[in-house]
Structures are given as structure tokens and as C-alpha cells.
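Colleague: Dropping the structure in here first, questions after.
Coordinate-derived values only; no laboratory data. All values reported here derive from a predicted model rather than from experimental measurement. Here the Cβ positions follow ideal geometry from the backbone for every residue, glycine too, while neighbour counts run over all protein chains shown.
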Amino acid sequence: MKSHARVVVIGGGVVGASVLYHLTKAGWKDVLLIERAELTSGSTWHAAGGMHTVNGDPNVAKLQQYTIKLYEEIERISGQSCGVHITGGIMLAGTQERLDWLKMAKARGRYLGMDLELISVEEAARLFPLMDKRHFKGALYDPIEGHVDPYGVTHAYAKSAQIGGAEIVRHTRVTDLKARADGSWDVITDQGNVRAEHVVNAAGLWAREVGRMVGLELPVLAMEHQYLITGDLPQLVGKPEQLHAIDFEGEIYLRQERGGMLMGTYEKAGVPWSPVATPWDFGQDLLPNDLERIAPSLEVGFAHFPALGDAGIRKVVNGPFTFAPDGNPLIGPVRGLPNFWVACGVMAGFSQGGGVGLTLANWMVEGDPGADVWGMDVARYGDWTTLAYTHAKVRENYSRRFSIRFPNEELGAARPLRTTPIYERLAARHAVFGDYCALEHPLWFAPSAAEAVDRVSFRRSNSHPHVAAECLAVRDAVGLLEISNYGKFDVRGPGAAEWLSSIMANRVPAVGRISLSPMLNERGKLIGDFTLCRVAEDRFFLVGTYAAETYYMRWFERHLPPAGVTVRPCAMEYVGLAVAGPNARALLQSLVRDDLSSAAFPFLAFRRMEVGMVPALVGRVSFTGELGYEMWVTTEYQRALYDLLSDTGREFGLRPFGGRALNSMRIEKTFGTWAREYRPIYGPHEAGLGRFVDLEKGEFMGRTAAVQERAGGGSHRLVGFQVDAADADALGDEPIWHDGRVVGWVTSGAFGHRVGASLALGYVPAAVAAATEGFEIEIIGERRRAMRLAAPPYDPGGRRMRD
Ligand SMILES: Cc1cc2nc3c(=O)[nH]c(=O)nc-3n(C[C@H](O)[C@H](O)[C@H](O)COP(=O)(O)OP(=O)(O)OC[C@H]3O[C@@H](n4cnc5c(N)ncnc54)[C@H](O)[C@@H]3O)c2cc1C
């Protein structure tokens, strides 16, 4: 084994092998993969090898498309067969809700260029004669589905990488990792040490253990997973290979395996494997079968596909593989550990492994993943992912693998975990809570305890009239919103202003002022969206998306100067309340000594004030588009502030409102939000944030690209629509049609209660962005007429917010 390498990849499963191949493809030749046993000795060897393109996250779906196309390339380079069988697949719907879900999946596939087709039960039965038609209502057909040979795929990646210059050592275990002062790593193994510039943790089942070597507790957990192979079926003799099939009601997947069928299930009573530590002596082993546990799914399976029951069981496989709490991979550089990368938690290695390898290699070689990988970025998790939290969420996710997640459905595992001091007070007012980063926050308020429950639906739900009442109270009087669920950062030091100016696209505000600023990467793409509040010459309070806290910190720390500035995340030190609406000023004025007139405390002013007895940082800004104030207080004061505002607010018509009303109101104002409208695939001009990019202030990160984007106009535009909707509004990810062609996609949608119309925001090509007519948005399978709005439908001049 060599003593130095540019990269050491730990783990020779399908993911590590893919990373290795993509590094060589990107031009890095001095790369070494270290494998404890033989290649595939974790989850990979016993996988069912199924692959498909459909995924709830369109960006993950794109990587899955890439993975499947890649097999031909690695077979050609390596000469190793991947055993690819493209059979096509059907997803079977047994309920109307599932049929609606399939319609939405088909629509989402349209703008990804996927060739999905909704078919009748008769057509499904013609394609997949093993099914009993009586249990189904329809199906979605995907021609690009099939399976591969896990051994063949892993070795094809590995051989292709070796041909590209990579080295692979087997039967060598990495036992420890030691960081050097220069950012490189000593990789300690049982066969000697290697000094590496970069280390990649692709240790699959042992990713958690490798993480612990560097003090990292990765949120991954392995679950036992079983599939069985039936005896030969006479129905298959002399027939072309059967399609892949998913039966959502039975929570099972099926494919042909030689003369029989393979049937696997994600059962409700899933069982974690090695919940705390993964044994190092586990190799190409299987776990004992437990058919009892999957009996409920098997019963449904045998009823829905009777021939399988008659064929008997030839073999049962029970093996473990890992999941992150949301079921998506964990990839990218780890904050605080220079040159330490992860590629783990990949639960669908044969659909996603190629895309994961490509993304990580791009990130390492180019400094940027080259795609929008927010949904897979390891930085989407923070310190709330304790071991027990991860267990609860992974078990929930596993048990719901084939369940529908409705847009208004809040999942119950690991809740409530994090609460703010006013949680009980809000609950007493019949708040219906959502959790965001494991923090409870109110979504809407019901009139009574009995009504404080979401009835899940793809259509307007039971919360609709109550959310309407909240929006109208904000429009006509004043509303009170808990805003604790934002990320906050304390930036200080003599170099703070200069540094912020160098990484933010907008001008740094003067003391006592706020500026709204996008943050761009070197390519001029949006990687953040902040409210910059200047507390003092050398002190700033930044507010941004909470889920991106680690993502932002990773970026900040990478770009901090050696001295003169400190950045500290302080999300839970400061909690917040906002008041918004025409009576907001009078309410707050009755509680503070400061003059709140527009002349004395104008829009975007920021100041420390005493609200009653409570010291607060107060900013005049509101995401609702109304006159509003945001108040940030240290946690111990929140209850007193809430009580004070609630009591005093009564005479001003104060009403609490929640996240759903806020979402409706921000869409009425065409205000975008991170991870929906603002993502690293869009430039600020495309996203309508051009006015927040100050090209005159001097150099800043992404400026050159921003200048080019402005000159060239960018390829897409974020636009607002009024939609001729029926009883369902757009939510996000629906295709936008123009003149009979799919041209774009919705990023957010909601009913705008203040304007009384269904609304959507979305991206369309710049060339059609000026058209008003001719648009349609596909909502649950129906193309609804949509009119592009030239201006925000609510208060287009912005007077309500500013006066
Ligand atoms: C029963 C079953 C059915 C499945 N069916 C499918 C399917 O149909 N389709 C699909 O896409 N996926 C399926 N999967 C999931 C799939 O197997 C995984 O997504 C995939 O194997 C993950 O690969 P990996 O490389 O991340 O991890 P692993 O395969 O676990 O590889 C990790 C490797 O790292 C090595 N390693 C770990 N620690 C060290 C160390 N310290 N030093 C050196 N080497 C180390 C291990 O020996 C191992 O070889 C299935 C899994 C199971 C269990």
C-alpha cells in the first residue's frame, strides 16, 4: 500500500467504488480505496439490485437518471458486465389518493424529461399478468426501471477506476484517522498508515463508526430488510422477463428472479440492526429470517398476486442497510473537519450510487457539487440528530417508505423534542404544530381543541378557512407570529463589516438599519438569503433559514479571514415574535418608549428597545407584506413578551397566526424563500433578487458572474401566477405549460386569502417570461389555466409595508 495519496476512500461498496471512479474521471489519479474485506462486503453484496428513476425530490430524481445511464459507460470501460435488465416498471395504485399521487409523480416527471405513463388497470394487468385486477385502480408505467447485479456494478466501477489510475487495497481496515495541522489526514490501518490530502467516508454500514473516529456522530441507522424469492412459476415459462412492480398498499416490491419472483417489503414493524455500534466482524453475512414480522405484507402480497402464494418460498434474504432520518443520502464536506468528506446513508445504491459519486467528485475537484444537492447535503442536519432522534426518524421513514406523504401531513416520530418557552401557551390556543429541525412551531390555530388536527389531503384541507381568517386578521388588524424557527448568527469584530461585504451581494447596512441580501457562490448562484441587521459598528445580527445553519457555517468558516471577525450561530439563544398588520404600530407603540413613527423608525430600521420590561432587538420588517415588526429576545424573556403582546393586543384586534398563513401571504407578495425559490441553480437576476445585488459596492463573492448574468439576462425567470384552480392549489414541483409544452416548474403555491385567488410561483424560460397568457399549471393531473402576474397581486407598490 502506498504511503501517500491525494484521496483515501474508505469503503469498497457500490458507493465508495463510484466515488473512486468519478474522481479518476475528473482527473484525480492519485486516489486509493481501502476496503476492510472484499469489495461489496457491507450492504452491497446481498442487495436486490433494483433501480428506478422516480423520487420525491426532483434533484435526486435527476441523479437517479444519471446513475442508470452510467452503467453502459462503466461496462464499456471495464469490460465487466453490470447485469443490467431494463424491464420497465409499474407502480400500482389501490386507492384514489394513490392514483392522485401517481398523477402528481407523472406531472413532476414531465419537466425532468421522464417518459411516465398513467395506465388503466386493464393495461397494467396486460403488462403484469400476475396481479389480481380487483385490488387496483390504475398504475403508472416507467420504461426506465429494472435491476442490476450488485457485484457486477461495484466491480465495473472499481475496474474503471483502476484503469483511470486508482489503486484499491483489500483486507485492510482503517482503524483511526488523525487530522494534521496542514489539513491533511493520517489514515491509520491494520496494514500501515497512509497520509492523505482528503478522506472520504464511504463506509456504508460502518459509516457511523468511521465518523466517530473524527468525533462525528452521523445521523444514520441500519435497518434489517427482507426479501424472498419464490419457487418457479409456470406462468413465467417462455415469457419475456416480468416488469418491476410496486404495490403501495401491500408495501411490497416485486421483480422476476430467474424462474421465480423476488418480493421485498418495507414493513411497519421494521427493526434496527446494530443500533449503537456495528460489529467489525460482520462481513458477507445475512441475518436470521423473521417472516413473522413481514407476514402482514406477505398476506397482502399473496392476495394481490395469487400465483406467488402457490409457488412457495425458495429463499429468504435478511440484510441490513443504512438510512438517514429523511431517507436521502448524506454527502459533502463536513463542517469543521477540513478535507473530510462523506458519502453515506445511501439507501438506494443502484439508483443513486452513480449520482452520489459524480456529485462528491465534482465537489472535491471543482469545489462545487455542480448540481442542486441540498436534499442530500450532510449539512442539512444539525446537533438535534441525537442517536435516539435518528432511530425514531429512521424507523418512521422505513415504515413509511411506500406511504403517501400528504402536503399538509406532519409526521409524529421524535416529537415534541424541541420547544420554545411559549409552546404550552400556543397549544392552549389550539395551535397545530409542525416540526422544523425538530423544533415545534405553529402552523395554524384551530377554534377548538377538537378541531386542532390536520385532515390530510392533496386538496384544500380543514385548515383552509382558519388560515383564511388568520390572513384577514393580519390584513385588517394585527397578527402575532412565533418566528423562533429561523437561523441566527452573531457576527462581530473590527473586520465584520468588510468581511460581510465580501461574502454578501448587497450593501452592508449602516448601524441601526437592515439590509436584505442574497449570498452567492463563485458561480454567482444563490447559496443563501439573509436579513443583515447592524447592531453596532462592529456587530451584526443575521437572520436566515434555520435548516441551512450548518450549511451556512461551513461556508462562513471557509471564507473567514484569519483574524478580526467571529461568527457564531445563535439560533436558540434568540427566539422571536413578530407583529404584522395595520394596527402593529399602535400595539407596539403602546409598549415602548421609542418613537415608532415612520419618520423616526422607518421600514428596515433596527434597534434595541425595551418592550415593557423585555429587552429586545426590534426590526421593522415583515414577510407578510404588511406593516410589521420582528422582535428578537433571549429565550428567558419570550414568555413575558408573548403575554404582554397578547394582553395588550386584545384592544388592537390581535390574533395569532401560523406558518401556513405566512406562506400564503409571502406568495401574495412574490417573496421567495430558501430551498424553494432560492437554490444554488438560480442566479439572483433569475430569482428576481437583482435589486438586492449591489454591483457598485466593490468586489464580492460571485460579482463577476452576477455582472454576466445581468448582462445576459439568465436563462430562467421566477414569475408569479394566478391559477384557475378548483379545490386544490399548486404546492411546488408541478409542471408549468405554455402553449401546450412543459416549459417550467412551480416552486411554491397556495391560496392567497387576502386577494381571494389561487397563486403559484415558479421558474419559466426567460423567452416566455414576458407572456401573460397561454400558461397552464398541472394540478393533480389537470391542466389549470394560469395567468402570469406582472406584479405581486397584493399591494404591488409595497406601501402597506413601508408607510
Ligand atoms: C436486503 C437488501 C436489499 C436491497 N435492495 C436494494 C435494491 O433493490 N436497490 C438498491 O438500490 N439498493 C438496495 N439495497 C441497498 C443497497 O444495498 C445500499 O444502498 C448499498 O449497498 C450501499 O452501499 P455503500 O457502498 O454505501 O455501503 P456498503 O455496501 O455497506 O459498503 C461499505 C464498505 O465499506 C467497507 N468498510 C467499512 N468500514 C471500513 C473501514 N474502517 N476500513 C475499510 N473498509 C471499511 C465495508 O467492508 C464495506 O465493503 C438493499 C439492501 C439490502 C440489505
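Colleague: Would you order Ile252, Ile68 from fewest to most other beta-carbon atoms within 10 Å of each residue's own beta-carbon?
Modeller: Values: Ile252 25, Ile68 21.
Going from sparsest to densest Cβ surroundings: Ile68, Ile252.
Colleague: What FRET efficiency comes out for Lys315 versus Ala269 if R0 is 22 angstrom and r is the Cβ-Cβ distance? Round to the nearest 0.05. Don't skip to the answer; put the middle values down first.
Modeller: On the way: r = 22 Å, r/R0 = 1.00.
Efficiency at R0 = 22 Å is approximately 0.50.
Colleague: If we restrict to alpha carbons, what Rg and Dmax does region 57-194 come to, in Å?
Modeller: Final numbers for Rg and Dmax: 22.1, 66 Å.
Colleague: Taking amide hydrogens as modeled 1.01 Å from N in the peptide plane, which residues meet the under 5 Å criterion relative to Glu224, leaving out close sequence neighbours?
Modeller: Sorted by chain and number, the residues that satisfy this are Val271, Trp273.
Colleague: Still on this structure: To the nearest 20 debye, what is the magnitude of the charge dipole of the chain about its Cα centre, counting +1 on the Cβ of each Lys and Arg and -1 on the Cβ of each Asp and Glu?
Modeller: Numbers: 85 positive and 93 negative charges, 254 e Å.
Dipole magnitude for the chain comes out near 1220 debye.
Colleague: On to the next question. Using the Cα atoms as the points, what is the convex hull volume per residue of region 37-122 in Å³?
Modeller: Details: hull volume 12.6 nm³, N = 86.
Spread over its residues, the Cα hull of region 37-122 gives 146 Å³ apiece.
Colleague: Same structure, new question: P(r) tail for region 245-403, what percent of Cα pairs lie past 30 Å?
Modeller: Of all Cα-Cα pairs in region 245-403, 28 percent lie more than 30 Å apart.
Colleague: Using the beta-carbon distance between Thr704 and Ile86 and R0 = 35 Å, what value does 1/(1 + (r/R0)^6) give for FRET efficiency, to the nearest 0.05? Present the calculation step by step, with values, prior to reporting the outcome.
Modeller: On the way: r = 44 Å, r/R0 = 1.25.
According to the calculation, E is roughly 0.20.
Colleague: May I pose another question? Please report, in whole Å, how far the alpha carbons of region 593-652 spread along each principal axis, starting with the longest.
Modeller: So the extents along the principal axes, rounded to whole Å, are 29, 24, 23.
Colleague: Which of the three applies to region 343-469, rounded, prolate or oblate, going by the alpha-carbon gyration tensor with a ≥ b ≥ c and a/c under 1.5 meaning rounded?
Modeller: On the way: a/c = 2.33, a/b = 2.03, b/c = 1.15.
Since a/c reaches 1.5 and a/b is larger than b/c, the shape of region 343-469 is classed as prolate.
Colleague: Taking the square root of 5 times each eigenvalue of the Cα gyration tensor, what semi-axes in Å does the equivalent ellipsoid of region 558-625 have, largest first? Don't skip to the answer; put the middle values down first.
Modeller: Numbers: eigenvalues 164, 39, 34 Å².
Semi-axes from the Cα gyration tensor: 29, 14, 13 Å.
Colleague: How large is the translational diffusion coefficient of region 220-324 in µm² per second when you combine the Kirkwood radius over alpha carbon pairs with Stokes-Einstein at 37 °C and 0.692 mPa s?
Modeller: On the way: Rh = 14.7 Å.
After rounding, the answer is 223 µm²/s.
Colleague: A further question follows. Roughly how many nanometres apart are two label points built 7 Å out from the Cα toward the Cβ at Ala771 and Asn193?
Modeller: So the two model labels end up 6.5 nm from each other.
Colleague: Over region 180-311, what is the relative contact order in whole percent, taking alpha-carbon pairs under 8 Å and six or more residues apart? Show your work: numbers first, answer last.
Modeller: On the way: 153 pairs, mean separation 28.0, N = 132.
Reported as a whole number, the value is 21 percent.
Colleague: What does the C-alpha gyration tensor say about the overall shape of region 308-394? Classify as rounded when a/c is under 1.5, otherwise prolate if a/b is larger than b/c, or oblate.
Modeller: Values: a/c = 3.10, a/b = 1.68, b/c = 1.85.
Judged from the Cα gyration tensor, region 308-394 comes out oblate (a/c at least 1.5, b/c at or above a/b).
Colleague: Something else about it: May I ask for log10 I(q)/I(0) of the chain at q = 0.09 Å⁻¹, from a Debye sum over the Cα atoms as equal point scatterers with solvent left out?
Modeller: So the normalised log intensities are -0.92.
Colleague: Let me ask you something else. May I ask you to list the lysines whose Cα is less than 17 Å away from that of Lys2, ignoring any residue fewer than eight positions away on the same chain?
Modeller: Lys29
Colleague: Right, something else. Does anyone have the angle between helix 549-559 and the longest principal axis of the chain? Alpha-carbon axes, 0 to 90°, nearest 10?
Modeller: Between the helix axis and the principal axis of the chain, the angle is about 90 degrees.
Colleague: Next question. Only four residue types carry charge here, +1 at the Cβ of Lys and Arg and -1 at the Cβ of Asp and Glu. Report the dipole size of region 1-100 about the Cα centre in Debye, rounded to the nearest 20.
Modeller: Values: 9 positive and 9 negative charges, 78 e Å.
So the dipole magnitude of region 1-100 works out to roughly 380 debye.
Colleague: On a 0 to 90 degree scale, rounded to 10, what angle separates helix 659-668 from the longest Cα axis of the chain?
Modeller: Helix 659-668 and the main axis of the chain meet at about 70 degrees.
Colleague: Would you mind putting 670-682, 19-31 in packing order, based on average other-beta-carbon counts within 10 Å, highest first? Each step should come with its number before you reach the end.
Modeller: On the way: 670-682: 20.0, 19-31: 22.2.
Most protected by this proxy first, the peptides run 19-31, 670-682.
Colleague: To the nearest 0.05, how large is the calculated FRET efficiency for Thr634 and Asp232 if R₀ is 51 Å and r is the Cβ-Cβ distance?
Modeller: Details: r = 70 Å, r/R0 = 1.36.
With a Förster radius of 51 Å, E is 0.15.
Colleague: Note down the relative contact order for the chain as a percent, whole number, built from C-alpha pairs under 8 angstrom at least six residues apart. Before the final figure, lay out each step's value.
Modeller: Numbers: 1881 pairs, mean separation 91.7, N = 803.
Reported as a whole number, the value is 11 percent.
Colleague: By count of other Cβ within 10 Å, fewest leading, how are Lys103, Lys268 ordered? Write out the running numbers ahead of the final one.
Modeller: Details: Lys103 20, Lys268 15.
The most exposed by this proxy come first: Lys268, Lys103.
Colleague: Quick one: what are the phi-derived ³J(HN,Hα) couplings along region 445-454, Karplus 6.51/-1.76/1.60 with θ = phi - 60°, whole Hz, x for glycine and proline?
Modeller: 10, 8, x, 8, 4, 5, 8, 7, 8, 7
Colleague: What is the Cα coordinate range of region 65-104 on the first, second and third principal axes, sorted by size from largest, in whole angstrom?
Modeller: Rounded to whole Å, the extents work out to 47, 16, 8 Å.
Colleague: Nearest 10 degrees is fine. How inclined is helix 96-110 to the longest principal axis of the chain, computing both from alpha carbons?
Modeller: 90 degrees
Colleague: Once the piece of chain linking Glu122 and Arg459 is laid out straight, how much longer is it, given 0.36 nm per residue of separation minus the C-alpha distance between them? Walk me through the numbers before you get to the answer.
Modeller: Working: separation 337, 0.36 × 337 = 121.32 nm, distance 2.78 nm.
Roughly 118.5 nm would be gained on extension.
Colleague: Need one number: nm distance between label points at Asp647 and Ala277, each 7 Å from Cα along Cα→Cβ, rounded to one decimal.
Modeller: Label at Asp647, label at Ala277, 5.5 nm between them.
Colleague: Once the convex hull of the C-alpha atoms of region 445-531 is built, how many Å³ does it hold per residue, rounded to a whole number?
Modeller: Convex hull volume per residue, Cα atoms: 179 Å³.
Colleague: Beyond a 26 Å Cα-Cα separation, which of these cross-linked pairs lie in this structure: Lys525/Lys669; Lys159/Lys393; Lys69/Lys393; Lys178/Lys488; Lys137/Lys393; Lys239/Lys268? Walk me through the numbers on the way to the answer.
Modeller: On the way: Lys525/Lys669 23 Å; Lys159/Lys393 37 Å; Lys69/Lys393 32 Å; Lys178/Lys488 32 Å; Lys137/Lys393 31 Å; Lys239/Lys268 34 Å.
Flagged as over cut-off: Lys159/Lys393; Lys69/Lys393; Lys178/Lys488; Lys137/Lys393; Lys239/Lys268.
Colleague: Modelled label-to-label distance, Arg405 and Leu286, 7 Å Cα→beta-carbon offset: nm?
Modeller: Here the answer is 3.2 nm between the modelled labels.
Colleague: In whole angstrom, how long is each semi-axis of the equivalent ellipsoid of region 462-618, when you take the square root of 5 times every eigenvalue of its Cα gyration tensor and sort them from largest down?
Modeller: Working: eigenvalues 181, 80, 38 Å².
Working from the Cα gyration tensor, I get semi-axes of 30, 20, 14 Å.
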